[in-house]
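The values are calculated or read from the model by the stated rules, or taken from the named source; none is laboratory data. Remember, it's a predicted structure, so these values are computed and weren't measured experimentally. For neighbour counting, all protein chains shown are included, and Cβ atoms are generated from backbone atoms with ideal geometry for every residue, glycine included. Each accessible area value is taken on the protein alone, full model and side chains, heavy atoms only, with ligands, DNA and RNA left out. Shrake-Rupley method; radii C 1.70, N 1.55, O 1.52, S 1.80 Å.
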Amino acid sequence: MATITAEMVKNLRAATGAGMMDCKKALAESEGDMDKALDYLRKKGIATAQKRAGRETKNGVVMSYIHMDKIGVLLEVNCETDFVAKNDDFVEFARNVAMHICATNPLAVTEDDVPAAVVEKEREIYMGQVLEMGKPENIAGKIVDGKIAKFLKDNCLVNQPFVKNPDITVGDLLTETIGKTGENISIRRFSRFVLGEE
């Protein structure tokens, strides 16, 4: 059994924002391995997020982010209580997501939010491309399905690699924030404005 030092707990806490006891338990479970402890805490955050998923989110913030007076984002992020809406972790999460939207221009929050007409148009374009390459129709359908899956991954906010840390997605960041705050959080909607665009 590895010896868990206060320094190890402090470092893990600084890296994750998790509570001291959670960090100590994660390090104990992973026998002092920092990477395994990080994974443990992330899994715990996912479990916490799944438990809280059914709870109503009627509080929250509307966050704005403006980049060089040329691109602006308005984002609504909801949580369960007004107390968490004022929590630093929650506010930082909302600010980071607004900045991410500014940088990446996602099409929608989740795959369910992408209009069916957009998906069908992309499917039509991809099918034309694949058939033009001379692929048989039975194989073409599978190739197009793969291209649609990639299109949705690239264009849905929660699936995108987070701009400040591409090792995690915005969805992972959401799960971590749910774990930190102990409340259900949802990214409800956003609008992105570019100076001079219609």
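Please state which one of Glu183, Glu111, Glu176 is at pLDDT below 95 and open to solvent by 80 Å² or more (accessible area, probe 1.4 Å).
Glu111
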- Message: Can you find a residue that is at pLDDT 70 or above, of a type in the set (Asp, Glu), over 22 Å from Asn87 (Cβ atoms) and in a helix (DSSP H, G or I) anywhere in the range 38-50?
- Response: yes
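In the range 66-80, how many residues are open to solvent by less than 80 Å² (accessible area, probe 1.4 Å) and among the aliphatic types (A, V, I, L, M)? Before you say what the answer is, go through the steps one by one.
Within the range 66-80, the subset open to solvent by less than 80 Å² (accessible area, probe 1.4 Å) is 67, 71-73, 75-80.
Of the ones still in play, those that are also among the aliphatic types (A, V, I, L, M) are 71, 73, 75, 77.
Total satisfying the criteria: 4.
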- What residue, of Phe83, Phe151, is touching a helix residue (DSSP H, G or I) at 6+ places or on another chain (Cβ under 9 Å) and either of a type outside the set (Asp, Glu) or open to solvent by 40 Å² or more (accessible area, probe 1.4 Å) (or both)? Phe151
- Item | Subset of the range 151-182 [more than 17 Å from Asp89 (Cα to Cα) and of a type in the set (Lys, Arg)] | Lys153
- Query: Quick one: which of Leu157, Leu174, Leu107, Leu131 is without any contact (Cβ under 8 Å) to a residue 24 or more places away in the chain and either under 29 Å from Met63 (Cα atoms) or touching an Asp or Glu at 6+ places or on another chain (Cβ under 8 Å) (or both)?
  - Reply: Leu131
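Using the structure shown, decide if Ala140 is open to solvent by less than 50 Å² (accessible area, probe 1.4 Å), touching a residue at least 12 places away in the same chain (Cβ under 8 Å) and either more than 29 Å from Asn59 (Cβ to Cβ) or part of a loop (DSSP other than H, G, I, E, B) (or both). Walk me through how you get there before you give the answer.
Values: open to solvent by less than 50 Å² (accessible area, probe 1.4 Å): yes; touching a residue at least 12 places away in the same chain (Cβ under 8 Å): yes; either more than 29 Å from Asn59 (Cβ to Cβ) or part of a loop (DSSP other than H, G, I, E, B) (or both): yes.
Spelling it out, Ala140 is indeed open to solvent by less than 50 Å² (accessible area, probe 1.4 Å), touching a residue at least 12 places away in the same chain (Cβ under 8 Å) and either more than 29 Å from Asn59 (Cβ to Cβ) or part of a loop (DSSP other than H, G, I, E, B) (or both).
Quick check: is even one residue across the range 167-183 touching a Leu at 6+ places or on another chain (Cβ under 6 Å) and not β-branched (Val, Ile, Thr)? It would help to see each step written out before you state the result.
The first filter runs over the range 167-183 and keeps only residues touching a Leu at 6+ places or on another chain (Cβ under 6 Å), leaving 170.
Subsequent filtering for residues that are not β-branched (Val, Ile, Thr) retains none.
No; the residues of the range 167-183 include none that is touching a Leu at 6+ places or on another chain (Cβ under 6 Å) and not β-branched (Val, Ile, Thr).
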